[in-house]
Amino acid sequence: MLYKFKSRAAADLILLEPQGRQILQIIGKAPASTGIVTAAQIPAALAALEAAVAADEARLRETAQQATEADPNAPEDEPRDTVRLRQRAAPFIDLLRRSLQEDCDVVWGV
């Protein structure tokens, strides 16, 4: 299943179900089959996403530092081709920023 996010301020954004659900949960919306992020809710949604991305990056740095301290010669636990929250959220953050500038709502559907 796919989530399709639409705004008059930007092109449509399509996310796979797991990523769409994760983004919606981070911004405090129920991952329903349809919904809306009003223009008034966008600043809070942006703040929540940016905080989640920062927390995820901090957790990764802390984990890497602990692993290096434990055994400097140990191989990495996580493969380099893993897509991080920062990368998954970037298009949605851009959509929200453009919508905020144009004072437009963002709607979604499955």
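Quick note: the coordinates plus some simple rules give every number you see, no bench work behind them. These numbers come from a predicted model, not from an experiment. Methodologically, a virtual Cβ is constructed for each residue, glycine included, from the backbone with ideal geometry; neighbour enumeration extends over all protein chains shown.
In table form, for the structure just shown:
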| item | result |
| --- | --- |
| Helix runs (DSSP H) in the chain reaching 30 Å along axis by Cα, Kyte-Doolittle at least -1.0 | 42-70 |
| For the chain, calculated [θ]222 nm from helices alone, where every DSSP H run of n ≥ 4 adds -39500 (n - 2.57) | -17500 deg cm²/dmol |
| Theoretical gain in end-to-end length, ALA11 to GLN66 [0.36 nm per residue, Cα-Cα removed] | 15.7 nm |
| Nearest-0.05 FRET efficiency for VAL110 and ALA44, computed from C-beta distance (R0 22 Å) | 0.40 |
| Rg followed by Dmax, in Å, when segment 27-69 is reduced to its Cα trace | 15.3, 46 |
| Base-10 log of normalised Debye intensity for segment 1-79 (one unit scatterer per alpha-carbon) at q = 0.21, 0.24, 0.27 Å⁻¹ | -0.98, -1.16, -1.32 |
| Selection from VAL107, ALA51, GLN25 lying farthest towards where the dipole of the chain points positive, charges on Cβ | VAL107 |
| Point-charge dipole on Cβ atoms (K/R +1, D/E -1) for segment 1-57, about Cα centre, debye to 20 | 320 debye |
| Sorted peptide list for 55-65, 29-39, 84-94, criterion being average Cβ within 10 angstrom, highest first | 84-94, 29-39, 55-65 |
